[in-house]
1. Mind checking whether some residue in the stretch 91-103 is farther than 25 Å from L233 by Cα and not in a strand (DSSP E or B)?
2. Out of the residues in the stretch 30-44 meeting the condition of being assigned to a strand (DSSP E or B) and touching a residue at least 24 places away in the same chain (Cβ under 8 Å), tell me which one is farthest from H10 (Cα to Cα).
3. Which of the residues belonging to the stretch 127-142 are of a type in the set (S, T, N, Q) and outside any strand (DSSP E or B)?
4. Quick check on this structure: which one of S75, S15 is over 31 Å from the mean Cα position of the chain (by Cα), surrounded by 11 or more Cβ atoms within 10 Å (Cβ to Cβ) and small (G, A, S)?
5. Would you point out the residue of the stretch 163-188, among those that are outside any strand (DSSP E or B) and touching a residue at least 24 places away in the same chain (Cβ under 8 Å), that is surrounded by the most Cβ atoms within 10 Å (Cβ to Cβ)?
6. Could you grab me the full set of residues in the stretch 45-67 that are out of contact with any Phe, Trp or Tyr (no Cβ under 9 Å at 6 or more places or on another chain), in contact (Cβ under 8 Å) with a residue 40 or more places away in the chain and among the aliphatic types (A, V, I, L, M)?
7. Return yes when L119 is crowded, with 17+ Cβ neighbours inside 10 Å and assigned to a strand (DSSP E or B) and no when it is not.
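Coordinate-derived values only; no laboratory data. Please read these numbers as outputs of a predicted model, since none were measured by experiment. Here Cβ is always computed from backbone atoms with ideal geometry, including for glycine, and neighbour counts include all displayed protein chains.
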Amino acid sequence: MERLQKFMAHAGVASRRKCEEIIEAGGVNVNGKTVRELGTKVDPAKDKVMVNGRLIRQKEKKVYLMMYKPRGYVSSVKDERGRKTVVDLLKDVKERVYPVGRLDYDSEGLLLLTNDGELTQALTHPKHQVAKTYKVRVEGIPSLDKLERMEKGIKLEDGITAPAKISLTHELDGNALLEITIREGKNRQVRRMCEFIGHSVKRLVRTQIGPVELRNMSVGEVKEINDKQLKELLKATGIRKKSQGGKRLSGKKPPR
């Protein structure tokens, strides 16, 4: 519960002092009754507040989260097949947030979630070409020629891939660890690129989206994007707005 004038001010009606004047003038209706008392309290989630005939709703706080998505989770709010979704890992998040783009069911790593539709659109729109980096373990050791073909672009069923940055960083037990950076988002693109050159993916971890890095997060961990990261993310997409990142959240740990 909160004071009526405070709720009105937070909803963007006017300054708190001006809201008090509107209340005293009889311009506010709560649940069908005119209210003139400044001490009146309302429940923003339940009470219907009308100001001069217009329904007032509380502005939703913008939330910007980063998650280490585990394997075996779907990057959506619901799943028709009843599989676990990334939303199941959220804790202490009151706002309804949505994944920005997707990360395959069998893939893991960095996933962004937000209720900021403008940022989501900007991050997923091809014109902004926001870079995404993956650590990929593949079967066998790709030749330099194959890696160069991947870098230049290869023809998949849904078109030719844009130029990418690819490096072979490690070899272990006859398999290779690649670092792949792309600036587009075709469905299961990295897996299909690797399969195209004859080296199927054994493990795929997304480590970076634009300026936001996975770094030392543990599997299943969730935390808010901090102000610096958000500012850089907005800059990368050409959006200008006041940033509001911050604290860590206690994400649910997936069952082992």
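1. There is no residue in the stretch 91-103 that is farther than 25 Å from L233 by Cα and not in a strand (DSSP E or B).
2. Out of the qualifying residues, it is V30.
3. Residue satisfying the conditions is Q129 alone.
4. So the residue among S75, S15 that is over 31 Å from the mean Cα position of the chain (by Cα), surrounded by 11 or more Cβ atoms within 10 Å (Cβ to Cβ) and small (G, A, S) is S15.
5. A164
6. Matches in the stretch 45-67: V51, V63, L65, M66, M67.
7. For L119, the condition - crowded, with 17+ Cβ neighbours inside 10 Å and assigned to a strand (DSSP E or B) - is not met.
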